[in-house]
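Worksheet: the structure to be examined is printed underneath.
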Amino acid sequence: MSSAMDQISYADLYARWEKGHWRATAIDFTADREQWHGTFSELERNAALWNYSMFFHGEDAVTDDLAPFIDAAPLEEQKYFLATQQVDEARHSVFFHRFMHEVVERGDGTIAEALRATEPELTWGFRKTFEMLDEITGVLRRDRSRTALARAVTMYHFIVEATLAQPGQHYIQDYLTKRELLPGFREGMVNVAQDEQRHIGFGVKLLHDLAREDPDEVPAAVADLLREVFPVSIAVFVPPNWDRRYTECFGFTLEEIYTEGARSFESKLRMAGLPLESARPAGLPVRPAGRGAGGARAGDAARGLPGRQERRRGARPAVDGAAVRQRAPGGRPAQRAGGTDDAAVGVPGRRALAPAPGQRLHRRGRGARARPGRRAADRLRRLGRRHRRAAGPEEGRRHPAPAPEGVTADAVARPRRVRHVAVANASC
Ligand SMILES: [Fe+2]
Ligand SMILES: [Fe+2]
């Protein structure tokens with residue numbers, strides 16, 4: 001059956017890239033510098049620096065993490081588009097670096113120093129989310145299987161780009177346009193957003209094609225990934241001390257940005273042919289019902305069906321609404337490690353998803369073993385700073401431990417509460 005995704009070709013996405021060139025080095029920041037120091041209040045400067053620093057570090061990270069996609073993509077047309085995307089991400093990073101150095105006066109002119117100078121602005125959720133991106137793309141360097149690529153595309157194009165970055169870009173463009181502020185930064189953000197729409201369109205098409213090639217394993221791999229990432233990505237936008245003025249001084253609430261992110265994510269997943277109700281990534285995770293029963297597929301549970309091993313043994317699946325459980329071939333739910341850092345923000349931690357001794361998680365079942373945190377450590381080491389893998393939300397000069405009230409993993413894990421808005425054209 002032909003779908004909207006079939007109307008988009010990788011060659012067309014490449015052609016759009018050729019038509020959409022812009023120069024990060026040509027933007028004039030003269031007026032931005034005057035307005036940053038003369039028009040913005042101290043609160044607005046702090047809030048904008050907090051927000052823009054996450055974009056800067058995010059662009060640097062995705063530039064580094066895109067290379068394994070080029071090796072793993074099965075078609076030449078996909079590889080060529082991904083090569084253009086890597087150029088785009090480097091250009092975005094150069095744009096944010098120029099703003100940080102020339103307007104905000106951070107760093108000594110090198111990208112490494114500007115990253116180091118803005119690193120204390122990063123939230124706990126941001127650090128954890130990008131550690132996951134490093135881990136997943138690190139696995140893709142050694143395991144080029146279809147499911148490894150599907151996990152990486154979901155993490156990169158759906159979570160980082162469509163759910164976290166795109167809504168933030170729209171809000172920034174909106175308030176800067178209404179107040180006629182930062183014309184250079186605004187011009188750059190418009191160009192960045194257009195590039196990101198093209199990247200997201202590619203990611204949606206690629207996941208759609210991967211799922212069509214393997215309608216069993218790919219949706220299961222996506223559901224596994226979403227179960228892991230939602231508890232940390234929900235905390236990306238938690239402002240210092242839960243100070244709501246960090247967004248409200250620019251005219252929008254945290255709830256609005258979370259809602260927009262959930263809406264964007266759900267619509268992109270639906271366009272890829274994986275509607276959220278068929279994935280059920282978290283909030284209502286699946287727990288094996290009987291002793292020794294195998295874990296159920298998330299998709300099976302969503303349809304009210306028992307999993308493969310349970311069907312074999314006559315067991316019925318149960319739904320555990322209290323905690324996230326990782327599917328494990330041994331039938332037991334994965335061991336909860338009780339990490340204090342993750343628990344401090346009221347969500348199950350990454351370590352809570354670790355397998356019990358002797359267990360091997362489904363996602364480790366093929367290819368090379370993951371080496372969690374290695375590339376994240378490399379990046380921070382490059383910045384001259386020791387990697388603190390176990391550090392919690394209290395880390396960072398300006399970001400003492402945020403309270404968990406207000407936003408929960410469950411609120412985003414069940415975005416069906418959010419009004420669904422269909423997106424007509426994935427490639428925009
Ligand atoms: Fe980007
Ligand atoms: Fe991008």
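The values are calculated or read from the model by the stated rules, or taken from the named source; none is laboratory data. Since the structure is predicted, the reported quantities are computational estimates derived from the model, not experimental observations. Don't worry about glycine lacking a Cβ; one is built from the backbone with ideal geometry, like all the others, and counts go over all protein chains shown.
The table below gives the values:
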item	result
Output for the range 56-75, where each listed residue is within 13 Å of ligand 2 (Cβ to nearest atom) and in contact with a helix residue (DSSP H, G or I) (Cβ under 6 Å, 6 or more places away or on another chain)	59, 60, 61, 62, 63, 65, 66, 69
Test: residue in the range 76-98 that is aliphatic (A, V, I, L, M) and more than 16 Å from ligand 2 (Cβ to nearest atom)	no
Residues (exposed (fewer than 12 other Cβ atoms within 10 Å of the Cβ) and modelled with pLDDT under 95) located in the range 2-18	2
Check on residue 235, in contact (Cβ under 8 Å) with a residue 60 or more places away in the chain, out of contact with any His (no Cβ under 7 Å at 6 or more places or on another chain) and in the same structural domain as residue 47 (by TED's automatic domain parsing)	yes
Number of positions in the range 195-233 that are charged (D, E, K, R) and within 18 Å of residue 133 (Cα to Cα)	4
Helices (runs of 4 or more DSSP H) contained in the range 32-130 and holding at least 1 residues of a type in the set (Phe, Trp, Tyr)	42-65, 67-72, 76-102
Some residue of the range 163-184 being within 16 Å of ligand 1 (Cβ to nearest atom), over 27 Å from residue 40 (Cα atoms) and either at pLDDT 95 or above or polar (S, T, N, Q) (or both)	yes
Subset of the range 236-249 (residues that are closer than 18 Å to residue 262 by Cα and over 11 Å from the mean Cα position of the chain (by Cα))	237, 238, 247
